[in-house]
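Working notes, beginning with the structure itself.
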Amino acid sequence: MQADQTPYSQFNLVRDMLAAADAIQSFDPSVVKATADEIASAGKLLFSGEGSSRLFPAKSAIRHSRQQGWATTLHTEAGRQSQDYALADWAVLGMSNSGRTAEVIRLFTSLKAAGHSKRYSLTAAADSPLETLANRGHVLACGKEGAVAATKSVVEQALFCRALVESMAGQESLAPRLAGLAEQVRTALTMPVDAALTQKISDAGTIYFAGGNDGVAEELTLKTNEITRKRSDYLEGTYAVHGIEEIMQASDVVIWIAPYQESEQKFHDVLVKGVGLTVIAVSSRPTMFPTLTIPDAGDLSGFVELAAGWNLLVEAGMKLGINVDKPERARKVGNEFTG
């Protein structure tokens, strides 16, 4: 997307996406220190929230921690499901852009009533109901989102979670890498997209996202609904070739985030040859599919992949003539607490 040119520059969503790079560059990882020290003493942390506030922020941090073999036990679950768990000896981080998400408010209300002592909040709004229920709260510095679809706040929430797990492990490495990551994200957001790929995505009946369980593909599945108004589905790992091909159509598109090289031939045989659909890869290396080639950010690649996915979706939204700032039914606060 070319945010400095019409029609892109008129949209708040595009400006917020580009502001995500600025949020990366200005982020201070040291803001997590006091919270990290307290959570580390518990040894277990549950990330809870709904939708965009949880998917990429929590899952990308958890994946990285598990890849490194760090000691703190990490889990993520949505707010209502979390109420069914025994959490007395867990620290809980409630994440809500607005700080007014009903499921998270109810979770924290029940925890406080039970005398739970390690409740933490991460919001984009100061003095929110969620922050008042937390022992300690952090407010994002990126400012209010201009569009309904959350973007820059998702990135800053993910940086907070990443810094948090690093600090708990005593392995702080984020600070000197942020300027480079910001530039890579800008590149992914503004790189040209082949018009033929945009047309395929625009014409698709269903847009599927395949990829690992780090929140990138799952978050882009949600953004597809908000930005393109099309049906979408998240196919974790290699699920795309384990039976769902039975109901796929030739007009569908699968956008594969960071493809597994050893699985490419199977995806080609089952989906491209078998179904007749289009597979588009987002990857830092060449693949056997049409590929949006992005900079390699190593273990921070999820941020760049997310930006590249936004780029694809905005191009498709523009092609379809959609006002990406104003969904028909989606709300800024999905389920607002009113009690």
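In the chain, a dipole from Cβ-located charges (positive for Lys and Arg, negative for Asp and Glu) runs towards its positive end, and of Gln171, Thr123, Gly298 it is Thr123 whose Cα lies farthest in that direction. Histogrammed with a bin width of 10 Å, the alpha carbon distances of segment 167-248 distribute as 15, 32, 33, 16, 5 percent, first bin at zero.
Once the chain from Met288 to Gln25 is taken as fully extended at 0.36 nm per residue, the excess over their C-alpha distance is 91.3 nm. Proximity of backbone amide H atoms, modeled 1.01 Å from N, is registered between Ser98 and Ala124 at under 5 Å, excluding neighbours fewer than 5 places apart on the same chain. Straight-line cross-link partners of Lys44 among the aspartates and glutamates, defined as a Cα under 13 Å from its Cα and at least 8 positions apart when in the same chain: Asp89. Every Cα-Cα pair in segment 28-173 was counted, and those over 19 Å apart are 45% of them. Calculate the translational D of segment 182-319 in whole µm² s⁻¹ from Stokes-Einstein, where the hydrodynamic radius comes from the Kirkwood formula applied to all Cα pairs, the temperature is 20 °C and the viscosity 1.002 mPa s. Translational diffusion coefficient: 147 µm²/s.
With N as its number of residues, segment 62-131 has a Cα radius of gyration that, divided by 2.2 N^0.38 Å, comes to 1.16.
Across the chain, the mean sequence separation of Cα contacts (distance under 8 Å, 6 or more residues apart), normalised by length, yields a relative contact order of 21 percent.
Excluding same-chain neighbours fewer than eight residues apart, the lysines reachable from Lys230 by a Cα-Cα span under 30 Å are Lys59, Lys144, Lys152, Lys200, Lys266, Lys273, Lys319, Lys326, Lys332. Evaluated over the Cα positions of segment 91-198, the convex hull gives a direction-averaged projected area, one quarter of its surface, of 9.1 nm². Give the shape of segment 16-85 as rounded, prolate or oblate, defined through the alpha-carbon gyration tensor: a ≥ b ≥ c are the square roots of its eigenvalues, a/c under 1.5 means rounded, and otherwise the shape is prolate if a/b is larger than b/c and oblate if not. Because a/c hits 1.5 or more and a/b fails to exceed b/c, segment 16-85 counts as oblate. Counting only Cα atoms, segment 223-298 measures 35, 31, 19 Å along its principal axes, largest extent leading.
Tell me, what does the Kirkwood hydrodynamic radius of the chain come to in angstroms if you use every pair of distinct C-alpha atoms? Computed over the chain, the radius equals 20.3 Å. By the rule of a C-alpha distance below 15 Å, with chain neighbours fewer than 8 residues away ignored, the aspartates and glutamates paired with Lys223 are Asp16, Glu50, Glu145, Asp233, Glu305, Glu315, Asp325, Glu328.
Axis of helix 102-113 versus longest Cα principal axis of the chain: the two differ by about 20°, to the nearest ten degrees.
Only the coordinates and a few stated rules stand behind these numbers; no lab work does. What you see is a predicted model, and the numbers here were worked out from it, not measured in a lab. Using ideal geometry, Cβ is built from the backbone for each residue, glycine included, and neighbour counts are taken over all protein chains shown.
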